[in-house]
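The values are calculated or read from the model by the stated rules, or taken from the named source; none is laboratory data. Please read all numbers here as calculations on a predicted model, not as lab measurements. Cβ placement follows ideal geometry from the backbone for every residue including glycine, while neighbour counts extend to all protein chains displayed. To get the accessible areas, we keep the full protein, side chains included, count just its heavy atoms, and leave off ligands, DNA and RNA. Shrake-Rupley method; radii C 1.70, N 1.55, O 1.52, S 1.80 Å.
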Amino acid sequence: KIGYFGILKPNYDIENLISGFINAQKKIQHIKLDIYGNGPLVNKVRRISSMNNNISYMNSLDFDDVPEKMIEYQLLCGTSSETNIFQSPVKLYEYMASGVPILYADNPQVIEILDGNQKGTLFSIGSPSDIERKIIDIYNNYNIYVKKASIAREYVIDNHTWLSRVNFILKDHL
């Protein structure tokens, strides 16, 4: 199962994620995509999901319920576009903390945070064919991507929790 958690509005490239998924599904028929979120494209996502039994629009979740839901997935996807290239990395850090393999749009900030492809997998913004290829590769080589997810989770725990930040700030004062 593949999960997307985020805003559903134009210029966030959700359409290309869906397109890439549909193409990957032609080769791996049983994969599923669940989409969580809200925004102006909800009706479009609902229409698409009504035409494909392997795509589900799941509504939005309370913020506190998101981490528990994320760990139910085998892959988490994040999108971006050329017009929204510098969005907040909070969702990416949430994905990394989950310990689930990540497929994310390759904007400069994400490339830096994921250390290239060391902590997740990047796809070219605006490229459904690249999304398709990456989904298939992750499916076929899942253990490699689980290791990347473990590295990502460890990185977040070591560097981006409240405790790790306090320890960093106080390290010279204790």
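Worth pointing out:
- Within region 17-44, considering residues that are aliphatic (A, V, I, L, M) and more than 17 Å from the chain's Cα centre (by Cα), the one nearest to Thr121 (Cα to Cα): Ile28
Here is a yes/no grid of residues against (1) in a helix (DSSP H, G or I); (2) surrounded by fewer than 11 Cβ atoms within 10 Å (Cβ to Cβ); (3) in contact with a strand residue (DSSP E or B) (Cβ under 7 Å, 6 or more places away or on another chain); (4) not β-branched (Val, Ile, Thr):
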site: Lys134; (1), (2), (3), (4): yes, no, yes, yes
site: Tyr139; (1), (2), (3), (4): yes, no, no, yes
site: Val146; (1), (2), (3), (4): yes, no, no, no
site: Ala149; (1), (2), (3), (4): yes, no, yes, yes
site: Ala152; (1), (2), (3), (4): yes, no, yes, yes
site: Val156; (1), (2), (3), (4): yes, no, no, no
site: Leu163; (1), (2), (3), (4): yes, yes, no, yes
site: Asn167; (1), (2), (3), (4): yes, no, no, yes
site: Asp172; (1), (2), (3), (4): no, yes, no, yes
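- Only one of Asn141, Asn107, Asn84 that is within 22 Å of Ile18 (Cα to Cα) and free of Cβ contacts under 8 Å to residues at least 24 places away in the same chain: Asn141
- Against the list (1) assigned to a helix (DSSP H, G or I); (2) open to solvent by less than 50 Å² (accessible area, probe 1.4 Å); (3) under 23 Å from His160 (Cα atoms), the condition Val45 fails is (3).
- Single condition Leu76 does not satisfy, out of (1) at pLDDT 95 or above; (2) surrounded by fewer than 21 Cβ atoms within 10 Å (Cβ to Cβ); (3) not in a helix (DSSP H, G or I): (2)
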